[in-house]
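The values are calculated or read from the model by the stated rules, or taken from the named source; none is laboratory data. In this text, all values refer to a predicted model and were calculated from it rather than measured experimentally. Neighbour counts run over all protein chains shown; Cβ positions are idealised from the backbone, glycine included.
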Amino acid sequence: MGRILGKMGHMLQNFEGAHSKQIPRIQSLVINKTGKNRGLPADGIKEFWSDYKNLTRQQKEERVRNEYKKILAFGTQWNEVLKSLEILPATAHWIVKSRNRLEDGRPGWEWEEYFGAQLIASNKIYDWGGPDWIKSHKSRAFIRDCFREGGLVVCYQVEQQAIIGFSRLASDGYTIEGVYCGFDLVPCDSAYKLKHPLNIANLRATGCNPVGFTVSGQGTIASLTNDEFAGIIAAVCRAGTEDEDDLLKWLKQSGSGDGTRPPIGRLANPEYPEENTAPTAGELDKVFAELEKRFAGRTDIYVRRKVSALIRRDGPLIRALKEKYKHKCQFPKCSAQIPKKDGGNYSEVAHIQAASEGGISHRINLLVLCPNHHKTLDYGDVEVLRNNERLLKIELNGEIVMIRR
Ligand SMILES: [Zn+2]
């Protein structure tokens, strides 16, 4: 226990270092049940409070009380910490993306097959997944850490770019061949197949653009927020098809929603401001005024450090990577070079998985690219098929691209 607390404490300290933010010592919540430190954290906490051992009992109590206040006051900032530690939030709504052709040309999976299973074996729990199909680390982490029986599944077929129907998990996630990549679905006659599949373009037209369908929502499985899920249901209803009544009834029967149509609105994706309406000049003025107030009286160096920490957490890594590739675009056969008047060339570094989506600044998540290929990747339809220290294999707008490192 002490070791785990110590490890976690140091993890949080590293986070503090990277974010110049003081994180309350949650280790202090774990207290002794017996002994002279009964009701207080064990002496091991001296790793973080070096003077702890020499304090009187009263001083220790005082220290701990103050820390508890700080922990409470930290409030929603804890979410930020969890996100940065790549601890996934619990959610009950999932997108499972099915492809009918795998990267090596073998046939894949089709939602039609699941819904059609009714004809073959009704009442049969349907097992999905497998190491061949679910390869992304994030998808596997979802299955391991978050897939719980009863979770709602939005059935998405990649080739049609459409939501085919809705189902539920009939099991928690489990391992196949040693990796978390398996899960069961309720029998198809307990699922809901849309009479009119919902095209993603039609969904986006309602202002709902779940992160799971955007460039950074790669992999087979993506999570949906409550708002995103409500947006999908609202879009089905708004399409004015005969699905509305039946789908709302199905959701109510399976314990989601109250049988009424969720409202449309407030669904624009805040993670992707460029896809929402641009801020007005007035709003921008407000942002600048706020920043000026925040930085009033600070030195230039302080401001620059804060701003660059906000924009990029990984300056030295980015610089090293650009040096390594001599500012040449890593995209195959690209020879773009942008000389700078003061010497050297200009290049950009792209996150394969966007930083805003928890993408890590590790070199296997980074690519040195020319501006053209950077944006091609940002705005294109990208799926990562393989990514390791030697090779990145992606499907980009329907084409396979191999990038050697
Ligand atoms: Zn290029």
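Numerical summary
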| read-out | value |
| --- | --- |
| Test: Gly219 is under 28 Å from Asp381 (Cβ atoms), modelled with pLDDT under 90 and in a loop (DSSP other than H, G, I, E, B) | yes |
| Leu251, sole failed condition from (1) under 19 Å from the mean Cα position of the chain (by Cα); (2) of a type in the set (A, V, I, L, M, F, W, C); (3) at pLDDT 80 or above | (1) |
| Positions within the stretch 383-405 being more than 15 Å from the ligand (Cβ to nearest atom) and under 21 Å from the mean Cα position of the chain (by Cα), in sequence order | Glu383, Val384, Leu385, Arg386, Asn387, Asn388, Lys393, Glu395 |
| Criterion: farther than 18 Å from Asp381 by Cβ and modelled with pLDDT under 90 - qualifying residue of Ala191, Ala141 | Ala141 |
| Of residues in the stretch 324-340 being away from the ligand (no atom under 14 Å from the Cβ) and exposed (fewer than 11 other Cβ atoms within 10 Å of the Cβ), the one modelled with the highest pLDDT | Pro339 |
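Residue by residue, here is whether (1) closer than 11 Å to Ile95 by Cα; (2) in contact with a Phe, Trp or Tyr (Cβ under 6 Å, 6 or more places away or on another chain); (3) hydroxyl-bearing (Ser, Thr, Tyr); (4) part of a loop (DSSP other than H, G, I, E, B) holds:
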position	(1), (2), (3), (4)
Ala141	no, no, no, no
Arg144	no, yes, no, no
Tyr156	yes, no, yes, no
Glu159	no, no, no, yes
Ser167	yes, no, yes, no
Gly182	no, yes, no, no
